[in-house]
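J.: Structure provided below as structure tokens; questions to follow.
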Amino acid sequence: MKIFSYLLVLQQVYCFAPIALTRRHCSQLNAEFDFDVAIIGCGVGGHGAALHARGQGLKTAVFSGRDVGGTCVNRGCVPSKALLAASGRVRDMKDASHLESLGINVEGEVTYDRQAVADHAKNLANTVKGNLENSLIGLDVSVIEGRGILAGPNKIKDDQSGKIYTAKNIILAPGSVPFVPPGVTVDEKTVYTSDGALNLDFVPEWVAIIGSGYIGLEFSDVYTALGSEVTFIEALPMLMPTFDREIAKQAERMLIRPRAIDYRLGVFASEVTPGEQGKKPCTIKMIDANTKEHVETIEVDAVMVATGRVPNTKDMGLESMNIETNRGFVAVDDKMRVKTSADGEVIDNLYCIGDANGVMMLAHAASAQGISAVENICGREHVVNHEAVPAACFTHPEIAMVGLTEEQAVERAEKEGWTLGKSQGNFRANSKALAEGEGAGIAKVLFNKETEKIVGVHIIGIHAADLIQECANAVEQGTTVRELSMMVHTHPTLCEVLDEAFKGAVGMSSH
Amino acid sequence: MPALSSTMKEGKLSEWLTSEGSPISSGDSIATIESDKADMDLEAFADGTLLKILVEEGETAKVGEPIAIILEEGEEEVELMKLIEGGGGTEPVVETQEPASSSPPPPVSASTEPQTPHTKVYMPALSSTMTSGKVVSWEVDESGTVGSGEPLLTVESDKADMEVEHLGDDGFLARICVEEGASCDVGEVVAVIVENEEDVAKWDGWMPGASVSAPSPSPASPAASKPAAAAKAPSAPSPAPSGGRVIASPLAKKVAKDKNIDLSQVTGTGPEGRITVSDVEGFTAGSSPKKKSDTPPVSSWKPANGVVAATPTARALAKKSKIDLSTIAGTGQFGRVTEADVKSALGESPKKKKVLTGVPAVELPSGFVKYSGMQSAVSTNMEATLTVPIFRVSSTIEMNSFNKLYASVKPNGVTLTVLISKAVSIAIQKHPIMNSRHDSNGGIYYNSDINIANAVALDGGLITPVMKNTNEKSLEELGEEWRDLVSKAREGKLKPDEFNSGTFAITNLGMFGVTAFDAILPPNTGTILALGATTEVIRPCDECVGGMRKVKEMTVTVTCDHRPIYGSDAAIFLKTLKEVMENPEKWGVK
């Protein structure tokens, strides 16, 4: 009996032991090189790779380029969430009829302090950045302040000190910078990219957003909540061109039409001239995307350029290893190994992850790719299934997705010869959503009718970003809708919207 | 009404995304339908025009019921309208998921209806309680001509006799269906008007069927002839008829040529619509000359040629309300028209289109209604002023510079009231007598504080919230104080000290377009200043091209208690006030 209990204790100790003890170790420490792994770039991707490399016992260095945290933490997802959180509350509290339906009465006007909202975003970015940096130091990662420049096989030059470091494996994670189309002059004050927008220097009466993707849409959410009016300028003939069409349509109904937003489709902003706050408006000349003829000129208080991002791969010594980029993107194979060009040779011990390879420009995708690269470095073959990487747009309500859009799924089903199934759950039929007074939205599950595996899920509705994970896990694991339909979902929660869709997929009804 | 889910039995029309008369392209979302599970957009499956909405927003329809009629290109509007009007309960054209509108069922009518372009006139509902009406007299004989807007008949309702006007296009009265002295139910056909004289005979003897009743004869349109066409007609001053002769002054033509402006695009404001130089210059500024000038333009910024200076919501509302944005003065950034501007413009000219002559829009109140507490107080105070000997002095102030200042401080929450109060307090500092009042002990009572009381009209009352020490506070402080006071006033939470401590009163009716008026002195106050509207006028100017210039002016009138304050005091005060308001750069505020 006593022995048994000792065993139990031992077992528990074992359970709580650091991962490094329980995992296979792959230390490659070799006197030949300064480091086992050197990572250029310290965004979410580089950071993820560094943590995993240390977990594997690899001697690791990160060239931060004086930008610990990278785009996501400093100029992207993280501070924008702070703006969305603040502006979302302003929107909620100004929505008197919604509050009234919950029995709440807000007396007086709901106001906000623009500078304080902007500071909240700044402080959040700084906190997250600090945590990131501390975690690297805590795990004994060598953080080199300068920007790393490739100086031949296994060699990296620190652009600050000029010192050359050697590493057995190099992971490129330089990230991306906002793309500014030709003809657009950015002053980051009245005409700005997401970098400048996050400063929230002023709340314009009227702001034009060029591009209606995730970034543009999120900022339209912030701006309209704070009282601005928004005009989207989209080069393609539809809003939110990368979204599933049905979801885009719902989004237009929930996020565009009821708000102070209008749009121009199929036009380029051919000439954008900055203004001066309060003195001179910004001028946007628009031309037809096809005929290139002048269509309209508008004068607005501010212009946000959200036309995508381009890789930050200039001047990082790619030529020293004869790497050709495609518009800056570094070609990689599915193990994240760098290739000399799209159809060129794989270069040993050189990896590229994150926005720079253009496979999937999302922070968590970069991190997953970083971990995958380290797995491959350790000799354990690993490939990231990008179709299981979820994505979210943090508007109010949120939009989230994983896998294929319906349009892509139809095409793939036809090509591969299987039958596409589609099942939908509705927020309107969900008790929790109704309790919140947020019954708008759908979750649709696309699946292969023969294998019953999920190929895509798209959700628009309250807390969609938090709901998508279950689906991403299912896609990754190949869980079938039949299996999912038998899994118990907590009542009453929003995830029952998915339960309804899973059950619907196999002909069951949910309550 | 489409079935949006397997369980859906009926749907609620939550929103029409287009309006009657609007063109529709295939694939456009035309309405949002709320089913038992979700909201869905309903798309049009054919190009055409939305002729008639049969299910209004908020109403519910069973699956399969028609909710609207779409006029496809090539289809005759008149034919379809006939279906709606004459078809009675039969299903006319169904707009569902299927493009069924291509094969409309044949019209069903009680007696064979001549196929000529015509309009039916229905018995109008002249009051909310009227169910039937008696034709008192026909103002036009059968086969006589009927002009648009001319009286057609007189109808006796349950309340009064009313003249009913013909609202459609000019035509000929082909058939009188209800003779003088006869009655019929609201919505029944009383007459038929045809477009061509030769068609008159074809209607001879035609009678509507017993069941004839329009599905939903709008009470506001007794002669609803072509709603779609009417809706399409521009409501705002339109540019000179295209292709027609352009009438413009020689100088205007020259300026237009210099600036490369197409005169046919310019709206003329001169005699008989002639285009003047200012019209051309106004056009250069991106909008036709402002007809209204009571809303001061707030920015010197001139938008580039062709730029519509209006925010997205303003544009949408203007489009929806069919109001020409160029007729609205903008108060937004860079003089941009905002949604609020459009709303106020709509408020100033309440939908004339919908209110028909001879039809009472509201029932007027009658009889005795006791004063509310506030009204009694006003009444007592007003009577008390009868013992005060008063005089009035007026002056006209040029507002161009003042309006510029207003535009620059408006974003900081400074209202016109605040800015004028500030200007007045600057002027009072130089003439303290204007801040004094008569004291019953036989003397002048001087107030050391300048407390400006501004009259605010409330629903069923009037109150004068007081901004205190206006001479000492910044515009922003005053702006905040005033906002606070107004919201308290609306809620009835003003403390006595906040509405009876004024030392100088201001009242403003300018926003209603009143050019000048005089006010009655409030108790214990020596002066009240009455503000008229700011108007745009031409003044002689030696240095200007053409010897004249356009200025914005406001007429102000002070009413003073002649016991402490004399005419010359008031006159000099107004001179100072004029100087202050015309030279805001000297205020030292900002």
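J.: For the range B:16-40, name all the residues that are outside any strand (DSSP E or B) and either within 14 Å of another protein chain (Cβ to nearest Cβ) or under 26 Å from A:Ser423 (Cβ atoms) (or both).
T.: B:Leu17, B:Thr18, B:Ser25, B:Gly27, B:Asp28, B:Ser35, B:Asp36, B:Lys37, B:Ala38
Let's see how each residue does on (1) within 28 Å of B:Pro523 (Cβ to Cβ); (2) part of a loop (DSSP other than H, G, I, E, B); (3) at pLDDT 90 or above:
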site: B:Ile397; (1), (2), (3): yes, no, yes
site: B:Ser408; (1), (2), (3): no, no, no
site: B:Pro411; (1), (2), (3): no, no, no
site: B:Ile428; (1), (2), (3): yes, no, yes
site: B:Lys473; (1), (2), (3): yes, yes, no
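J.: Among the residues of the range A:216-235, write down those that are within 20 Å of the chain's Cα centre (by Cα) and of a type in the set (S, T, N, Q).
T.: The one that is within 20 Å of the chain's Cα centre (by Cα) and of a type in the set (S, T, N, Q): A:Ser220.
J.: Being under 22 Å from A:Pro178 (Cβ atoms), of a type in the set (A, V, I, L, M, F, W, C) and part of a loop (DSSP other than H, G, I, E, B): is that true of A:Met304 here?
T.: So A:Met304 does not fit the description; no.
J.: Condition (residue is within 21 Å of A:Ala269 (Cβ to Cβ), in a loop (DSSP other than H, G, I, E, B) and among the small types (Gly, Ala, Ser)) applied to the range A:156-177: is it met by at least one residue?
T.: Looking for residues that are within 21 Å of A:Ala269 (Cβ to Cβ), in a loop (DSSP other than H, G, I, E, B) and among the small types (Gly, Ala, Ser), one finds none in the range A:156-177, hence no.
J.: Could we say that B:Glu363 is under 27 Å from the mean Cα position of the chain (by Cα), of a type in the set (D, E, K, R) and at pLDDT below 90 here?
T.: When the stated conditions are applied, B:Glu363 passes them.
J.: Still on this model: Of all residues in the range A:201-222, which are within 14 Å of chain B (Cβ to nearest Cβ) and at positive phi?
T.: None - no residue of the range A:201-222 is within 14 Å of chain B (Cβ to nearest Cβ) and at positive phi, so the list stays empty.
J.: Going residue by residue through the range A:305-323, is there one that turns out to be hydroxyl-bearing (Ser, Thr, Tyr), closer than 30 Å to A:Ile40 by Cβ and free of Cβ contacts under 8 Å to residues at least 40 places away in the same chain?
T.: Looking for residues that are hydroxyl-bearing (Ser, Thr, Tyr), closer than 30 Å to A:Ile40 by Cβ and free of Cβ contacts under 8 Å to residues at least 40 places away in the same chain, one finds none in the range A:305-323, hence no.
J.: Output the residues belonging to the range B:485-544 that are within 19 Å of B:Phe402 (Cα to Cα), in a helix (DSSP H, G or I) and out of contact with any Leu (no Cβ under 7 Å at 6 or more places or on another chain).
T.: B:Met511
J.: Quick check on the range A:477-491. Is at least one of its residues in contact with a Gly (Cβ under 7 Å, 6 or more places away or on another chain), small (Gly, Ala, Ser) and under 22 Å from A:Ala391 (Cβ atoms)?
T.: no
Results for (1) small (Gly, Ala, Ser); (2) under 26 Å from A:Cys282 (Cβ atoms), shown as yes or no for each residue.
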residue: B:Thr311; (1), (2): no, yes
residue: B:Ala318; (1), (2): yes, yes
residue: B:Asp324; (1), (2): no, yes
residue: B:Ile328; (1), (2): no, yes
residue: B:Gly332; (1), (2): yes, yes
residue: B:Ala340; (1), (2): yes, yes
residue: B:Gly347; (1), (2): yes, no
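J.: Take B:Ile70 and tell me if it is modelled with pLDDT of 80 or more and of a type outside the set (Lys, Arg).
T.: Judged against the criteria, B:Ile70 is not a match.
J.: Which of the residues belonging to the range A:245-256 are closer than 26 Å to A:Val300 by Cα and within 8 Å of chain B (Cβ to nearest Cβ)?
T.: A:Arg253
J.: Right, next: State which residue is nearest to the other protein chains (Cβ to nearest Cβ) when the search covers only the range A:257-286 and only residues that are assigned to a loop (DSSP other than H, G, I, E, B) and small (Gly, Ala, Ser).
T.: Checking each candidate, the answer is A:Ala260.
J.: Let me ask something else about it. Does B:Ser293 fit the bill of being within 14 Å of another protein chain (Cβ to nearest Cβ), closer than 26 Å to B:Arg549 by Cα, crowded, with 18+ Cβ neighbours inside 10 Å and at pLDDT below 70?
T.: The answer is no for B:Ser293.
J.: For residues that are part of a helix (DSSP H, G or I) and not small (Gly, Ala, Ser), tally how many sit in the range A:488-511.
T.: Qualifying residue count, the range A:488-511: 7.
J.: In addition: With respect to the numbered conditions (1) under 36 Å from the mean Cα position of the chain (by Cα); (2) outside any helix (DSSP H, G or I), which one is the sole condition not fulfilled by B:Lys404?
T.: Condition not satisfied by B:Lys404: (2).
J.: Output the residues belonging to the range A:95-122 that are surrounded by 15 or more Cβ atoms within 10 Å (Cβ to Cβ) and in contact (Cβ under 8 Å) with a residue 40 or more places away in the chain.
T.: A:His98, A:Tyr112, A:Val117, A:Ala118, A:Ala121, A:Lys122, listed by residue number.
J.: For residues that are in contact with a helix residue (DSSP H, G or I) (Cβ under 6 Å, 6 or more places away or on another chain) and within 12 Å of chain B (Cβ to nearest Cβ), scanning just the range A:226-238, find the one that is surrounded by the fewest Cβ atoms within 10 Å (Cβ to Cβ).
T.: Ranking the qualifying residues of the range A:226-238, first place goes to A:Thr231.
J.: For the range A:196-220, name all the residues that are closer than 18 Å to A:Ala116 by Cα and outside any loop (DSSP other than H, G, I, E, B).
T.: Selection gives A:Gly196, A:Ala197, A:Phe219.
Per-residue answers, yes or no, for (1) in a helix (DSSP H, G or I); (2) farther than 17 Å from A:Ala501 by Cα; (3) in contact with a Pro (Cβ under 6 Å, 6 or more places away or on another chain):
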position: A:Val384; (1), (2), (3): no, yes, no
position: A:Glu387; (1), (2), (3): yes, yes, no
position: A:Trp418; (1), (2), (3): no, yes, no
position: A:Lys432; (1), (2), (3): yes, no, yes
position: A:Gly439; (1), (2), (3): no, no, no
position: A:Val455; (1), (2), (3): no, no, no
position: A:Cys471; (1), (2), (3): yes, no, no
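Okay, residues lined up against (1) surrounded by fewer than 20 Cβ atoms within 10 Å (Cβ to Cβ); (2) within 30 Å of B:Arg336 (Cβ to Cβ):
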| site | (1), (2) |
| --- | --- |
| A:Met286 | no, yes |
| A:Thr297 | yes, yes |
| A:Val305 | no, yes |
| A:Thr340 | yes, no |
| A:Gly344 | yes, no |
| A:Asn349 | yes, no |
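J.: Quick check on the range A:287-297: of everything there that is assigned to a strand (DSSP E or B) and not acidic (Asp, Glu), which residue is nearest to B:Thr313 (Cα to Cα)?
T.: Ranking the candidates gives A:Thr297 first.
J.: Given B:Gly479, B:Gly532, which one is more than 22 Å from B:Glu398 (Cβ to Cβ), touching a helix residue (DSSP H, G or I) at 6+ places or on another chain (Cβ under 7 Å) and modelled with pLDDT of 90 or more?
T.: The conditions single out B:Gly479.
J.: A follow-up question, please. I'm trying to understand the selection: among the residues of the range B:49-66, which are among the small types (Gly, Ala, Ser) and surrounded by 15 or more Cβ atoms within 10 Å (Cβ to Cβ)?
T.: Residue satisfying the conditions is B:Ala61 alone.
J.: Of everything in the range A:473-487, what is touching a Lys or Arg at 6+ places or on another chain (Cβ under 8 Å) and assigned to a loop (DSSP other than H, G, I, E, B)? Give them in sequence order.
T.: A:Gly478, A:Thr479
J.: OK, next. If you scan the range A:26-51, which residues turn out to be surrounded by 24 or more Cβ atoms within 10 Å (Cβ to Cβ), out of contact with any strand residue (DSSP E or B) (no Cβ under 6 Å at 6 or more places or on another chain) and assigned to a helix (DSSP H, G or I)?
T.: Passing the criteria: A:Val44, A:Gly45, A:His47, A:Gly48.
J.: Another question, then. Kindly check whether there is at least one residue in the range A:135-152 that is free of Cβ contacts under 8 Å to residues at least 24 places away in the same chain and either crowded, with 16+ Cβ neighbours inside 10 Å or closer than 17 Å to A:Ile39 by Cβ (or both).
T.: Yes, the conditions are met somewhere in the range A:135-152.
The values are calculated or read from the model by the stated rules, or taken from the named source; none is laboratory data. What you see is a predicted model, and the numbers here were worked out from it, not measured in a lab. Virtual Cβ from ideal backbone geometry, glycine too; neighbours counted across all protein chains shown.
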